Each structure stands twice: as structure tokens, then as C-alpha cells.
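In what follows, a single structure is set out as C-alpha cells and then discussed.
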Amino acid sequence: MTAEAGAHATLRAVTRTYPGARPVHALGPIDLDLMRGEFFSVVGPSGCGKSTLLDVLAGLSEPTSGEITFEGKPVRGVPDGIGVVFQEDASFPWLSVRDNVAFGLRRMGTDPAEITRRVDYAIGFMGLKDFAHSYPAQLSGGMRQRVCIARTLVLQPRLILLDEPFGALDQQTRLLMGDELLRLWRETSATVLLITHALDEAAMLSDRVGVMSARPGVFIDLVQTNWPRDRDSRIVAEAEFGAVTGRLWGSLRAESMKAIGRAG
Amino acid sequence: MTRLFDSLAIVAGILLLWTGVFEYAGDSAITGPLQTFRFAANLLGRADFWQHAQATLSAFGYALAISAVAGIALGLILGLHRFSGDVAEPMLASLYTIPKVTLYPLMLLVFGLGVSAKVAFGVIHGMIPVILFTLSAVKNIPQVLLRTAKALHLTPMQTATHLLAPAVLPEIISGLRIGFALTFLGVLIGEMFASQRGLGFLIINGINSHDVKRTTAVILIVITASVAANGALLALDRRAHH
Amino acid sequence: MTREGWTRLGLVAAGIAALEALCRTKVIKPLTLVPPSRMVHDLAGLLIAGDIFDDIGQTAIEVGGAFFLAIVLGVLMGAAIQATPRLRRAVAPVLASWYAVPSFVFYPLLVALFGLSTSPLIAIGVLSATPAMVVATIGGLDRVPRVLLRAARIHRLTAAQTLWLITLPSALPSLFTGLKLSFAYAFIGVIAGEFILSGGGIGYGIAYAYESFETPKMYALMLLVLIVAVGVNGALHAWEGRLLQRRQR
Ligand SMILES: Nc1ncnc2c1ncn2[C@@H]1O[C@H](COP(=O)(O)OP(=O)(O)O)[C@@H](O)[C@H]1O
Ligand SMILES: [Mg+2]
């Protein structure tokens with residue numbers, strides 16, 4: 001297959017160094033083609049540059065060197081059609097769940113009836129129906145993260161970037177949220193880039209998983225899974241799943257040790 | 001280096017503003033910086049000035065002791081007893097909003113002319129912030145600290161000295177810093193009306209007799225002392241807050 | 001109303017009743033304090049007669065003007081200082097020791113600068129009240145979560161939209177603290193200025209009544225000051241509660 005043809009977003013020799021008295025080379029060089037409609041996950045030790053990768057891809061910060069394109073156009077600033085769910089809680093505490101979810105549509109001047117329809121759908125989809133009139137302060141961390149996902153999803157982005165969105169959840173809820181994410185991905189046919197530190201999450205959800213080295217993060221392994229498009233969390237019981245997580249951990253183990261300060 | 005430069009720039013800015021005001025308003029309203037410094041130095045060398053300063057400082061000492069001790073005690077009680085604290089906090093905030101200078105006739109009637117009225121003025125100005133800061137410090141002690149104390153089998157005394165005191169001390173020091181400045185202000189105001197002695201009396205007397213030179217110099221001395229003391233307490237405060 | 005609210009009301013009522021009893025039984029001499037009922041009666045009389053409307057009007061203009069100017073200046077200066085770390089480091093000591101300066105001693109100077117009118121009193125109010133608003137603005141802007149600003153950029157908001165939809169609501173709790181303090185300082189500064197040195201306004205009215213031995217009028221005006229202080233403070237408190245209650249974490 002020709003790489004460029006189906007590529008939705010591309011990164012070419014992308015690096016990012018945080019300037020300062022002691023500059024931090026956080027990322028790269030990174031080369032990656034995100035295929036249209038694929039579910040791609042990034043795993044890597046903490047502090048390796050995963051959030052930095054998301055930042056430059058979303059146009060929130062400029063790469064120090066290299067070139068990024070989205071839908072064929074170079075990324076300068078935040079492009080239209082990209083949605084981001086941040087690692088931190090980004091719900092607006094002064095707005096109700098409903099108003100949080102409707103935030104983006106209201107800015108775009110969408111027709112009110114259409115807003116109601118899409119917001120209702122997104123709230124229902126994320127299981128927030130009973131909390132539509134609650135405020136983020138009254139919700140748990142996981143619920144707030146769902147509000148943020150709904151707020152992103154309602155805008156029907158063509159590329160969705162998620163930065164450890166389930167970090168605050170327990171393992172069972174995490175698996176179920178993973179199912180919902182898969183359902184969302186299937187129904188919207190969006191391209192998804194998921195950053196996670198959970199190997200099983202990456203293995204179960206993704207078409208491809210990129211394994212990053214310790215800082216400065218570069219891809220040291222790209223693992224292709226061969227799951228059907230209508231998969232769900234029950235694949236964790238399959239032998240092949242064990243093989244994928246095993247390979248991921250094999251690539252990651254030495255890097256994780258570096259990250260916690262021991263020689264690989 | 002840039003820090004020193006910036007600080008000097010601020011001082012220069014203040015002196016420039018002062019000079020500008022002096023040039024504009026003339027010496028019937030204010031004296032220029034140089035003249036004021038000279039006169040202030042002269043004042044500082046005179047015995048009668050120090051008698052007034054002495055009067056202010058002793059009244060301030062009493063008032064500060066009362067503000068601090070009673071303020072911390074009340075703050076601790078209100079902070080520990082949650083309901084009382086919730087009842088009292090808005091009332092104290094409202095009391096803080098009252099222009100206390102209007103109470104001076106009442107103070108005069110109750111305490112008469114002299115030291116006790118000045119002290120009372122200092123206390124009504126300075127005590128409320130001490131209470132409020134102490135109250136919120138105690139109220140905001142993390143519950144997990146108290147549970148830790150239980151888990152470690154600390155005695156109540158050990159809990160108080162090793163956990164509670166360090167937890168509330170920084171906020172109490174902030175409260176005392178503000179209480180310190182406001183008590184001083186209160187004593188000065190008391191002296192302006194309820195006394196024939198003290199720096200506050202010198203100021204109001206200077207204003208009433210249009211002795212601009214003396215008034216400006218006394219005000220300069222008072223502000224410098226107040227700001228310097230505040231700076232020292234601020235440094236202490238910063239250290240307590242790490 | 002909450003249990004705390006009722007308790008407060010009960011305490012205030014009990015205090016007033018006790019004072020009333022002490023005054024009526026002459027434990028507190030009538031020369032020292034008139035009974036609260038008498039204060040209310042006298043104040044009502046003054047308000048009906050309309051004699052003090054001029055004073056009230058003058059004080060209202062001064063306090064209102066000073067409060068308004070302090071808010072505008074405080075927010076603008078606070079935003080400028082917060083955006084400039086170097087400026088911030090330089091002016092921090094000035095801001096932190098401002099309240100230690102008795103601003104009303106500048107009254108004669110302000111009269112020389114602005115002339116004898118309401119302006120010097122407004123200036124005293126502004127001098128007293130602005131730093132609180134500056135500090136609150138800096139604190140509020142410091143506390144805007146960075147992730148919310150990033151969310152704003154993902155939503156491709158303009159600078160003005162970000163300010164109005166993200167920055168302002170995020171800074172609101174701190175700004176409210178500033179509003180309450182600024183009002184208190186503007187009110188205290190203006191009344192104190194009137195009381196000490198001016199020829200009009202409620203503060204002056206109290207001083208004048210005291211000097212001309214009109215004790216009942218003096219207490220009626222003191223009551224008025226008390227009512228305004230508690231009333232405005234309570235109103236701001238209630239408004240703040242309504243706006244912020246839902247977002248308490
Ligand atoms: N604004 C910044 N300035 C300086 N260094 C930063 C900044 N943001 C992140 N870093 C550093 O860059 C590295 C990568 O950060 P990040 O992308 O957040 O890692 P991850 O998301 O993988 O945990 C870390 O070492 C972090 O300390
Ligand atoms: Mg991260």
C-alpha cells in the first residue's frame with residue numbers, strides 16, 4: 001500500500017525541544033502516517049513525550065523541526081476537524097453538563113434544534129442522561145472525563161486525539177469505556193489517536209500500536225494487530241491478545257526501567 | 001542584578017511622582033522629597049518627637065498584644081467549632097467593612113481621653129483579620145492529618161505541637177502581619193481624635209495648623225516605619241509558607 | 001434560610017434586645033448610648049424629614065465612584081502586572097505593604113490637587129480600594145487552569161471569546177473576593193475622609209452631630225453606616241453564593 005494515499009495525518013522528522021536555561025529535548029525525531037479511519041495507540045513510559053506529540057499534532061505548539069500535515073495541508077495553528085480530550089480534567093466548572101457539551105456547537109452558530117439533537121445524542125451515548133443538569137463539581141473524575149469526550153464528539157471531528165482519557169478510572173470501568181470508545185470510532189468512522197500507559201488498553205482497542213522510547217520519545221516498535229472492526233473488550237480472553245501485550249511489554253520493559261532511573 | 005535595578009526604578013518612580021506632585025501642588029500642600037528627608041532627620045534627633053513616638057509605640061504594644069492573643073484564641077475556638085465558625089465568619093466580614101473611625105465618639109465616651117481609647121481603637125482595627133485568618137487556617141486543616149495522628153497513636157499534646165501547629169502557623173503569621181499593620185493604623189487614628197500625644201496627634205495637629213513641613217515629615221516617618229515592619233513580617237511570612 | 005443564617009439572626013436580635021434592656025434600665029447611661037429602638041426611630045425621622053438626603057447623596061456618589069474606578073483600574077492594572085513577570089516582581093512589595101499606609105492622611109494633599117469637592121474623597125476611596133482589586137485580579141488570572149486555555153484553542157476561540165468565556169469565569173471566585181474587599185476599603189476610606197476632614201457626607205454628619213452634642217442624630221447616622229456596610233456586604237455575599245454555589249468542588 002502506498003503510504004501517502006490513505007494517510008490522514010503525517011509527521012515527518014518531527015522533534016520538539018522545550019527552550020529554557022536547560023533545554024529539554026522531549027520528542028523525536030518522529031515519522032508517522034496516521035491512516036484515515038484507523039485506531040492508533042501510543043504507549044510509552046511516563047515523561048517520554050506522549051503529550052508533547054499530541055500537542056504538536058493538534059497544532060497547540062509548533063514542532064522545533066519537521067513537518068506535520070493534516071488532510072494534506074500543513075498544520076499551522078489548530079486545524080478544523082481535530083478534537084482533543086486532554087489528560088487533565090478540562091470540563092468547565094461553571095457550566096452544566098449540557099452546556100459543557102453544547103459549548104462548541106453554540107460557538108459555531110449551529111441551528112438550535114440541531115444543537116439539541118446532537119447534544120442529546122452525545123449525552124446519551126456517554127451515559128450522562130441522568131446528569132445533564134448537574135455541574136462538574138457534582139460528578140466523579142471519570143464522569144467529568146466523559147463530559148469532555150462528549151464535548152469533543154458532538155463536534156464530529158474527523159481526527160480525535162485522546163490523552164490518557166481513562167487514567168483516573170478503575171480497571172473494569174476502563175474496559176467498558178474502551179468498548180464505548182470502539183463503538184464511537186465505528187459509528188463516526190473518525191481516525192483515533194489514543195495515548196495511554198495501559199498496555200492491555202492499547203492492545204485491545206487498536207489497529208496499530210506505537211511504542212515510544214524514554215525521553216526523547218521516538219518510536220521503537222510498531223505493532224500491527226489484526227482485530228476485526230467490530231471487536232470489543234472480550235478479546236482480552238483470546239490467545240492472540242496475550243501475544244500482542246507480550247510483544248508490547250517486551251519492547252517497553254527496558255525503556256520503562258530507564259524512565260524510573262535504572263540501567264536497562 | 002535586574003532585580004536590584006527594578007527595585008531602584010520603583011523607588012525612583014515614587015520619588016519622581018512625589019516631586020511632580022510637589023511641583024504641581026506647591027508647598028502649601030506638601031514639601032519636596034529632599035526637604036522632607038532633611039526635616040525628618042531633624043525631627044528624629046529631637047527629644048519631644050521621641051516622646052510622641054514613645055506614646056504611640058507603647059499604645060501600639062498593648063493593642064497588638066490584645067489583638068494577637070485574643071484574635072488567635074477566638075480564631076482557634078471558632079475554627080475548631082465548625083458551626084460557630086460558619087455563623088461568625090460573615091458577621092466578622094461585615095464588621096470589617098464598617099468604617100470604624102465613626103465609632104470614635106462612642107470609644108471616647110466609654111474609655112475617655114487617653115491611652116485606653118487609643119488601645120481600643122488599635123484593637124478594633126487589628127483583631128478581626130487575625131481572627132479570620134486563624135479561623136480559616138484551622139478550618140482548612142486536612143482531615144487526613146488528624147487521621148494520621150490517630151494511626152500513629154500520637155497523644156493530643158503531640159498532635160497539637162507536631163501536626164496542628166505547623167499546619168496552621170503559616171496562615172496565622174499572615175493574619176498577624178495584616179493585624180500588625182491595621183493595629184498600627186488604628187492606634188494612629190485613635191491618636192488623631194482621642195489623644196493629645198502620639199504621632200497621630202502630630203499629624204492631625206499639623207494638618208489643622210497648616211504646618212505642612214512637619215506633617216509631611218511625620219507622615220513619611222510613619223509610612224516608612226509601617227512599610228519596613230511589614231516588609232520584615234512579609235519575609236517571615238514567606239519563610240513560614242516555604 | 002440555613003441554620004447558620006437563623007442562628008446569626010437570633011444572635012443579632014438577642015444582642016439588640018440586651019442593649020435595649022441595658023439602656024432602658026439605665027445601666028448604660030443615655031449620654032453614652034441611646035437605646036437601639038430610639039436609633040431606629042431617629043433614623044426614620046431623619047429620612048422622612050429628608051434633611052440628610054444631601055449627605056447621603058454625596059457619600060453615595062463618592063463611594064460608588066471610588067468603587068467603580070477601583071474595579072476598572074484594579075482589573076486593568078492586575079491584568080498588566082500578571083502578564084509581565086518582571087513588573088510583577090518589582091511591584092509585589094508595593095502591593096503587599098499598601099494596606100499599611102493610612103491613605104486618608106493624604107487628604108490635604110488631594111484637596112490641593114483636585115480642589116475642594118467630592119473628587120479628593122473619591123481619590124481617597126480609589127487609593128484605598130484599588131490594590132485589593134489588583135491583587136484579586138492577579139490571583140484570579142494565576143488560577144485559570146492552563147488546560148482550559150488549551151481547550152479554548154482547540155475550540156478555535158478568538159482572544160476576546162477566550163477572555164469572556166474561559167478566563168473571566170475561571171477567575172471569578174477570586175474577583176469576587178476582590179469586589180468585597182474593594183467595597184469595604186472604598187467605604188471605609190470615604191467615610192473616614194469625610195469624618196476627619198471634609199464638610200459634607202455621612203461621615204461629616206456624624207462628626208458634626210457629635211461636636212454639636214446632637215447625640216441622637218449621631219447614633220442614627222452611625223446606625224445608617226452600619227446598615228449600609230452590612231447590607232452591601234450581605235448582598236455581595238449572596239450574589240457570590242448564587243453564582244458560585246454550583247461549582248463548589
Ligand atoms: N512546558 C514544558 N517545559 C519544559 N519541559 C517540559 C514542558 N512540558 C513537558 N516537559 C518535559 O518534556 C518531557 C515530556 O513531557 P510529556 O510530553 O508531558 O510526557 P508524557 O505525556 O509522555 O508523560 C518531560 O520530561 C517533561 O518534563
Ligand atoms: Mg502526558
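Quick test for you: out of A:Ile115, A:Ile123, A:Ile195, A:Ile160, pick the one residue that is within 16 Å of ligand 2 (Cβ to nearest atom) and either within 13 Å of the chain's Cα centre (by Cα) or over 16 Å from A:Phe39 (Cα atoms) (or both). Before the answer, list the steps.
On the way: A:Ile115 fails: within 16 Å of ligand 2 (Cβ to nearest atom); A:Ile123 fails: within 16 Å of ligand 2 (Cβ to nearest atom); A:Ile160 fails: within 16 Å of ligand 2 (Cβ to nearest atom).
Checking each option against the conditions leaves just A:Ile195.
Need a quick list: helices (runs of 4 or more DSSP H) entirely within region C:1-118 having at least 3 residues that are among the charged types (D, E, K, R) and under 30 Å from C:Val135 (Cα atoms). Before the answer, list the steps.
Values: elements: C:3-24, C:36-49, C:53-83, C:85-97, C:107-114.
Output list reads C:85-97.
Evaluate region C:177-185: report whether one residue or more is free of Cβ contacts under 8 Å to residues at least 24 places away in the same chain, closer than 30 Å to C:Ile48 by Cα and part of a helix (DSSP H, G or I). Explain how you work it out, then say what you get.
Filtering region C:177-185 for residues free of Cβ contacts under 8 Å to residues at least 24 places away in the same chain gives none.
There is no residue in region C:177-185 that is free of Cβ contacts under 8 Å to residues at least 24 places away in the same chain, closer than 30 Å to C:Ile48 by Cα and part of a helix (DSSP H, G or I).
Sort out for me the strands (runs of 3 or more DSSP E) sitting completely within region A:1-83 that have 2 or more residues that are over 26 Å from A:Glu201 (Cβ atoms). Can you show your working first?
Details: elements: A:7-18, A:24-35, A:39-43, A:65-70.
Filter on region A:1-83 gives A:7-18, A:24-35, A:65-70.
Could you tell me whether A:Ala26 is in contact with a helix residue (DSSP H, G or I) (Cβ under 9 Å, 6 or more places away or on another chain), within 14 Å of another protein chain (Cβ to nearest Cβ) and within 16 Å of ligand 2 (Cβ to nearest atom)?
Numbers: in contact with a helix residue (DSSP H, G or I) (Cβ under 9 Å, 6 or more places away or on another chain): yes; within 14 Å of another protein chain (Cβ to nearest Cβ): no; within 16 Å of ligand 2 (Cβ to nearest atom): yes.
In short, no.
Here is a yes/no grid of residues against (1) out of contact with any Leu (no Cβ under 9 Å at 6 or more places or on another chain); (2) facing chain B (nearest Cβ under 10 Å):
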site	(1), (2)
C:Ala80	no, no
C:Leu87	yes, yes
C:Ala90	yes, yes
C:Leu95	yes, no
C:Val105	no, yes
C:Thr118	yes, no
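Could you identify the single residue in B:Ala88, B:Ala41, B:Ala117 that is among the aliphatic types (A, V, I, L, M), part of a helix (DSSP H, G or I) and away from chain C (no Cβ under 14 Å)?
On the way: B:Ala88 fails: away from chain C (no Cβ under 14 Å); B:Ala117 fails: away from chain C (no Cβ under 14 Å).
Sole residue among the options that is among the aliphatic types (A, V, I, L, M), part of a helix (DSSP H, G or I) and away from chain C (no Cβ under 14 Å): B:Ala41.
Among A:Pro19, A:Pro63, A:Pro93, which is the only one that is at pLDDT 90 or above, exposed (fewer than 14 other Cβ atoms within 10 Å of the Cβ) and either away from ligand 2 (no atom under 16 Å from the Cβ) or of a type in the set (Val, Ile, Thr) (or both)? Give the derivation first.
Numbers: A:Pro63 fails: exposed (fewer than 14 other Cβ atoms within 10 Å of the Cβ); A:Pro93 fails: exposed (fewer than 14 other Cβ atoms within 10 Å of the Cβ).
One residue alone meets the criteria, A:Pro19.
Cβ-Cβ below 8 Å, separation at least six or inter-chain, first residue in region A:10-28 and on the phi > 0 side of the Ramachandran plot, second within 16 Å of ligand 2 (Cβ to nearest atom): which pairs?
A:Ala13/A:Gly28; A:Ala13/A:Ile30; A:Gly28/A:Arg16; A:Gly28/A:Gly49; A:Gly28/A:Pro216; A:Gly28/A:Gly217
Please determine whether any residue of region C:17-38 is under 25 Å from the mean Cα position of the chain (by Cα), of a type outside the set (Lys, Arg) and closer than 23 Å to C:Ala184 by Cβ. Break it down stepwise before answering.
The initial filter retains those residues of region C:17-38 that are under 25 Å from the mean Cα position of the chain (by Cα), namely C:36.
Adding the requirement that they be of a type outside the set (Lys, Arg) leaves C:36.
Add one more test, that the residue is closer than 23 Å to C:Ala184 by Cβ, and what stays is none.
There is no residue in region C:17-38 that is under 25 Å from the mean Cα position of the chain (by Cα), of a type outside the set (Lys, Arg) and closer than 23 Å to C:Ala184 by Cβ.
Could you count how many residues in region A:44-56 are more than 10 Å from ligand 2 (Cβ to nearest atom) and within 11 Å of the chain's Cα centre (by Cα)?
To start, the set of residues in region A:44-56 that are more than 10 Å from ligand 2 (Cβ to nearest atom) comprises A:45, A:56.
With the extra rule that they be within 11 Å of the chain's Cα centre (by Cα), the set shrinks to none.
Looking only at that region, the number is 0.
Return a yes/no flag: does region B:190-207 have any residue that is under 24 Å from the mean Cα position of the chain (by Cα) and at positive phi. Give the steps one after another, and end with the answer.
Filtering region B:190-207 for residues under 24 Å from the mean Cα position of the chain (by Cα) gives B:190-207.
Then drop every residue that is not at positive phi, which leaves B:198.
Looking through region B:190-207, at least one residue is under 24 Å from the mean Cα position of the chain (by Cα) and at positive phi.
Would you confirm whether any residue within region C:155-164 is at negative phi and of a type in the set (D, E, K, R)? Break it down stepwise before answering.
Residues of region C:155-164 at negative phi: C:155, C:157-164.
Now restrict to residues that are of a type in the set (D, E, K, R): none.
Scanning region C:155-164 turns up no residue that is at negative phi and of a type in the set (D, E, K, R).
Is it the case, given these coordinates, that C:Leu43 is at pLDDT below 90 and either surrounded by 15 or more Cβ atoms within 10 Å (Cβ to Cβ) or under 24 Å from C:Phe176 (Cβ atoms) (or both)?
Values: at pLDDT below 90: no; either surrounded by 15 or more Cβ atoms within 10 Å (Cβ to Cβ) or under 24 Å from C:Phe176 (Cβ atoms) (or both): yes.
Against the criterion (at pLDDT below 90 and either surrounded by 15 or more Cβ atoms within 10 Å (Cβ to Cβ) or under 24 Å from C:Phe176 (Cβ atoms) (or both)), C:Leu43 does not qualify.
Name the residues in region A:202-219 that are out of contact with any Asp or Glu (no Cβ under 8 Å at 6 or more places or on another chain) and within 15 Å of ligand 2 (Cβ to nearest atom), would you?
A:Ala202, A:Arg215, A:Pro216, A:Gly217
Would you point out which residue out of A:Thr110, A:Thr64 is over 21 Å from the mean Cα position of the chain (by Cα) and within 16 Å of ligand 1 (Cβ to nearest atom)? So that I can check it myself, show each step before the final result.
On the way: A:Thr110 fails: within 16 Å of ligand 1 (Cβ to nearest atom).
Exactly one residue qualifies, and that residue is A:Thr64.
The values are calculated or read from the model by the stated rules, or taken from the named source; none is laboratory data. All figures in this text were calculated on a predicted structure; none of them were measured in a lab. FYI the Cβ positions are ideal-geometry reconstructions off the backbone, even for glycines, and counts take in every protein chain you see.
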